[in-house]
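Down below is the structure, laid out as structure tokens.
The values are calculated or read from the model by the stated rules, or taken from the named source; none is laboratory data. Quick caveat, the model's predicted, so the values are computed rather than measured. FYI the Cβ positions are ideal-geometry reconstructions off the backbone, even for glycines, and counts take in every protein chain you see. What goes into the accessible areas is simple: the full protein's heavy atoms, side chains included, and nothing from ligands, DNA or RNA. Shrake-Rupley method; radii C 1.70, N 1.55, O 1.52, S 1.80 Å.
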Amino acid sequence: MLEIVILAAGKGTRMRSDRPKVLHKVAGRSLLQHVIDCAYQLNPSRLHIVVGHGSDQVKDSLELNEKLSFVEQKEQLGTGHAVQQVLPFIEDGSDILILYGDVPLISANTLRTLVKYVSNDSMGLLTVVLDDASGYGRIIRNDQGQVTAIVEQKDASKEQLQLREVNTGVMAATGSYLKQCLPTLDNSNAQKEFYLTDIISIARESKIDVYTAQANSACEVLGVNNRRQQAEVERIVQRRLAESLMDDGLTLLDPERFDCRGTLTVGRDCIVDINCVFEGNVVLGDDVKIGPNCYISNSQIGAGTTVHANSIIDESTILGQGNIGPFARLRPGTKLANGVKIGNFVETKKALIGNGSKVNHLSYIGDAKVGADVNIGAGTITCNYDGVNKHITEIGDDVFVGSNTALVAPLTLGAGVTIGAGSVINSSVDEGNLALTRVKQRTVSGWERPKKKAKPK
Ligand code: UD1
Ligand code: CA
């Protein structure tokens, strides 16, 4: 049986934040969520999260299930003290894997290797060799190459600071060994903390062999302690996502200027221009082109659609062959059928728009059902809100709405209706009719404009 402990009680002073450190996000997920998602891949019987600073916020951020439990560390007296809090809740016979909530890129494969090192007389420790080891605990080995201790940066001698092999913080041992050694920790060190890392030197004394595994890459074990490291980790994740999407056949005009904070699924031959942000669950069909500076969240964009520069698409569906933007804003509940055109400075919300219909310029279409082959002229507004309630506008097939029209809902325009430009339409119009509310034009012939009098000199 495998139980996993994740340490997430620390304040994260170096983040200079009011939020607990582990709730800061990378690629749209909290640091802790990254670690938890990885932990589940090892199929543990239990997952113990040690919480302390902002514990309510941390708990609220997570999806609960029967495997997940929280253990409160009231005072943050060190990583060893944190694991001590979990001891009453773990089984002697379990293998215990300890992870840090601020090391988000750790991979399940590396952890699987480490867990294999655990037996009644051995434990596993994950180390990494870094060019710049500053800040990390250094791994001390004897002449035979066996690990004898971990020395924290603040406790290390000059010679020890030269060592480049460091503690990643990830280790695995039996429940019974942890129960035996953790109560013996003391805090006689530079930080007056109970260091989890001291169990390595205790292991030597207890005739427990320490086997080390090396992380595949240094970035896998990067800890996020400040905003710079957070940004560094964000770029690593984005680069990985970009590469895997390119492997799936996506053209990214610049993978360094691409951000995905969720899941992006692409069809064949899609193209994404620079500076686009994808959030939540976004699905692109085949041959979809996304122009520069678009923000797309929780939406489906069907085959053959082009989204031009600077458009926003949020919780919307485009069936296919759509032509969107530039500068379009599709708000939640927008559903476009095939071949719909939504042009610049058009906002839609809860709008169903039928095949081949066009809303080309400067319009607001909200709480509306629009049929097929409808042409909505520039500056048309569905007046859906009376100050208290929202009302529906229904527009039949083949309707033509002239420019600068206010459609005051609730309202139904029958199929084939024509609306004259500049109208305020507040009662329904039957099929095939023309409606217009334009004031009759008056022309004054030979009109002389007032002239300015010349100023006296
Ligand atoms: C720790 C290790 C160091 C290692 C580094 C790797 C110790 C003593 N040091 O140092 O050897 O190189 O991680 O990133 O273990 N936490 C608690 N309760 C506490 C203290 C910390 O839950 O009382 C949690 C923090 O929230 C964090 C994790 O433990 O998620 C690590 O704590 P942090 O203070 O960041 O340790 P480092 O100084 O980075
Ligand atoms: Ca850390």
Screening Tyr177, Tyr211 for residues that are assigned by TED's automatic domain parsing to the domain that holds Tyr136 and touching a Gly at 6+ places or on another chain (Cβ under 6 Å) leaves only Tyr211
Of the residues in the range 81-140, those that are in contact with a Gly (Cβ under 6 Å, 6 or more places away or on another chain), within 16 Å of ligand 2 (Cβ to nearest atom) and assigned to a strand (DSSP E or B) come to Tyr100
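Kindly provide the set of residues from the range 43-89 that are small (Gly, Ala, Ser) and either near ligand 1 (Cβ under 9 Å from one of its atoms) or open to solvent by 80 Å² or more (accessible area, probe 1.4 Å) (or both), ordered by number. Steps first, answer last, please.
In the first step, residues of the range 43-89 are kept if they are small (Gly, Ala, Ser); the result is 45, 52, 54-55, 61, 69, 78, 80, 82.
If the condition is that a residue be small (Gly, Ala, Ser) and either near ligand 1 (Cβ under 9 Å from one of its atoms) or open to solvent by 80 Å² or more (accessible area, probe 1.4 Å) (or both), then Gly52, Gly78, Gly80, Ala82 are the ones that fit.
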Going through (1) more than 16 Å from ligand 2 (Cβ to nearest atom); (2) touching a Ser or Thr at 6+ places or on another chain (Cβ under 8 Å); (3) more than 23 Å from Met171 (Cβ to Cβ) one by one, His24 fails only at (1)
Report, by residue number, each residue of the range 166-193 that is closer than 15 Å to Ala149 by Cα and near ligand 1 (Cβ under 9 Å from one of its atoms).
-> Val166, Asn167, Thr168, Gly169, Val170, Asn189
Could you tell me whether the range 213-229 includes any residue that is within 13 Å of ligand 1 (Cβ to nearest atom) and either more than 16 Å from Val103 (Cα to Cα) or among the β-branched types (Val, Ile, Thr) (or both)?
-> yes
Working only within the range 99-115, note down all residues that are surrounded by fewer than 24 Cβ atoms within 10 Å (Cβ to Cβ), closer than 17 Å to Ile199 by Cβ and within 11 Å of ligand 1 (Cβ to nearest atom).
-> none
Which residues, counting only those in the range 375-419, are hydroxyl-bearing (Ser, Thr, Tyr), under 20 Å from Asn344 (Cα atoms) and open to solvent by less than 20 Å² (accessible area, probe 1.4 Å)?
-> Thr380, Thr382, Thr405
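Evaluate the following for Arg14: is it open to solvent by 20 Å² or more (accessible area, probe 1.4 Å) and away from ligand 1 (no atom under 12 Å from the Cβ)? I'd like the intermediate steps shown before the answer.
Values: open to solvent by 20 Å² or more (accessible area, probe 1.4 Å): yes; away from ligand 1 (no atom under 12 Å from the Cβ): no.
It is false that Arg14 is open to solvent by 20 Å² or more (accessible area, probe 1.4 Å) and away from ligand 1 (no atom under 12 Å from the Cβ).
Can you find even one residue in the range 240-251 that is in a helix (DSSP H, G or I) and touching a residue at least 40 places away in the same chain (Cβ under 8 Å)?
Checked against the condition, which is being in a helix (DSSP H, G or I) and touching a residue at least 40 places away in the same chain (Cβ under 8 Å), the range 240-251 yields at least one hit.
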Output the residue which, of all residues in the range 168-189 that are more than 16 Å from ligand 2 (Cβ to nearest atom) and of a type in the set (Gly, Ala, Ser), is nearest to Thr113 (Cα to Cα).
-> Ala172
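When only residues in the range 70-80 that are within 16 Å of ligand 2 (Cβ to nearest atom) and assigned to a loop (DSSP other than H, G, I, E, B) count, which is farthest from the chain's Cα centre (by Cα)? Lay out the reasoning, then the answer.
To start, the set of residues in the range 70-80 that are within 16 Å of ligand 2 (Cβ to nearest atom) comprises 73, 76-80.
Now narrow it down to the ones that are assigned to a loop (DSSP other than H, G, I, E, B): 73, 76-78.
Working: Gln73: 28, Gln76: 29, Leu77: 32, Gly78: 30 Å.
Selected residue: Leu77.
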May I ask you to list the residues in the range 30-53 that are of a type outside the set (A, V, I, L, M) and in contact (Cβ under 8 Å) with a residue 40 or more places away in the chain?
-> His34, Cys38, Gln41, Asn43, Pro44, Ser45, Arg46, His48, Gly52, His53
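Kindly provide the set of residues from the range 148-184 that are of a type in the set (Val, Ile, Thr), within 14 Å of Val210 (Cα to Cα) and surrounded by 22 or more Cβ atoms within 10 Å (Cβ to Cβ), ordered by number. Reasoning before the result, please.
Taking the range 148-184 first, the residues of a type in the set (Val, Ile, Thr) are 148, 150-151, 166, 168, 170, 174, 184.
Cutting the leftovers down to within 14 Å of Val210 (Cα to Cα) gives us 148, 150, 170, 174.
If the condition is that a residue be of a type in the set (Val, Ile, Thr), within 14 Å of Val210 (Cα to Cα) and surrounded by 22 or more Cβ atoms within 10 Å (Cβ to Cβ), then Ile150, Val170, Thr174 are the ones that fit.
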Under the condition of being touching a Leu at 6+ places or on another chain (Cβ under 7 Å) and among the aliphatic types (A, V, I, L, M), which residue from the range 63-89 is nearest to Asn120 (Cα to Cα)?
-> Leu87
Residue by residue through the range 311-342, note down the ones that are open to solvent by 10 Å² or more (accessible area, probe 1.4 Å) and either of a type in the set (Ser, Thr, Tyr) or closer than 17 Å to Val288 by Cβ (or both).
-> Ile312, Asp314, Thr317, Leu319, Gln321, Asn323, Pro326, Lys335, Ala337, Asn338, Gly339, Lys341
(1) open to solvent by 70 Å² or more (accessible area, probe 1.4 Å); (2) over 23 Å from Ala328 (Cα atoms): which one isn't true of Lys350, the others all being true?
-> (2)
